[in-house]
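In what follows, a structure is listed as structure tokens, so that the remarks can point back to it.
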Amino acid sequence: MKFAIREAVANDMPEVLELIKELAVFEKEDNAVEVSAEDLIRDGFGPTKLFHCFVAESEDELVGMALVYPRYSTWKGAVIHLEDLIVTEAMRGSGLGTALLTEVVRYGHALGVKRICWEVLDWNEPAISFYESKGAKVMRDWDVVQLDELGIQNFINSI
């Protein structure tokens, strides 16, 4: 199946949201998606652009996406974070994941970043193998730490 990679536009965000929801189901977090298409449009295409997104199209349908945003490493300097790289189930094994990752790496290289980082679930061995085959280092001795909205509020209330 043929596909094309391009930079996302605001009108893509409803379909991007559907891809995000598909990923949430795959990751066994069906009800975790709180963001709306309007949020994505505001945050990706408004006056303060919080992320950059690439989409993959096949037969006038979005079949994949990669969303990145800037970060700063106190050890390295400018880096980007790959929040999600999503390929629809029907397109897995087509080379689309490689094409999206290639676009992200080209984008990071053009920006002159020192690192591109992302997380992968420890049970997602196909993704881990894919990333390692591309030269990525999977750091299994690091744990992801987060404060969600409730955690932030509880923290603020405790000080």
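Quick notes on this structure:
- Look at region 1-27: where a residue is free of Cβ contacts under 8 Å to residues at least 12 places away in the same chain and a partner is β-branched (Val, Ile, Thr), sitting 6+ places away or on another chain with Cβ atoms under 8 Å, you get 24/33.
- Close Cβ contacts (under 8 Å, 6 or more residues apart or on different chains) running from residues in region 145-156 that are farther than 18 Å from residue 32 by Cβ to residues that are assigned to a loop (DSSP other than H, G, I, E, B) and among the hydroxyl-bearing types (Ser, Thr, Tyr) are absent.
Listed here are the residues, each with its yes/no results for (1) touching a helix residue (DSSP H, G or I) at 6+ places or on another chain (Cβ under 8 Å); (2) within 27 Å of residue 89 (Cβ to Cβ).
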{"residue": "116", "(1), (2)": "yes, yes"}
{"residue": "121", "(1), (2)": "yes, yes"}
{"residue": "125", "(1), (2)": "no, yes"}
{"residue": "128", "(1), (2)": "no, yes"}
{"residue": "132", "(1), (2)": "no, yes"}
{"residue": "135", "(1), (2)": "no, yes"}
{"residue": "140", "(1), (2)": "no, yes"}
{"residue": "152", "(1), (2)": "no, no"}
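- Top-ranked residue in region 22-43 [being more than 15 Å from residue 86 (Cβ to Cβ) and of a type in the set (Gly, Ala, Ser); ranked as surrounded by the most Cβ atoms within 10 Å (Cβ to Cβ)]: 37
- Where residue 114 falls short, out of the listed (1) surrounded by 10 or more Cβ atoms within 10 Å (Cβ to Cβ); (2) over 22 Å from residue 86 (Cβ atoms); (3) without any contact (Cβ under 8 Å) to a residue 24 or more places away in the chain: (3)
- Selection count, region 130-159, where residues are surrounded by 11 or more Cβ atoms within 10 Å (Cβ to Cβ) and either among the small types (Gly, Ala, Ser) or in contact with an Asp or Glu (Cβ under 9 Å, 6 or more places away or on another chain) (or both): 2
No value in this document is a laboratory result; all are computed from the given coordinates. Just so we're clear, the structure is a prediction, and the values are computed from it rather than from any experiment. Cβ coordinates were reconstructed from backbone atoms using ideal geometry, including for glycine residues, and neighbour counts include every protein chain displayed.
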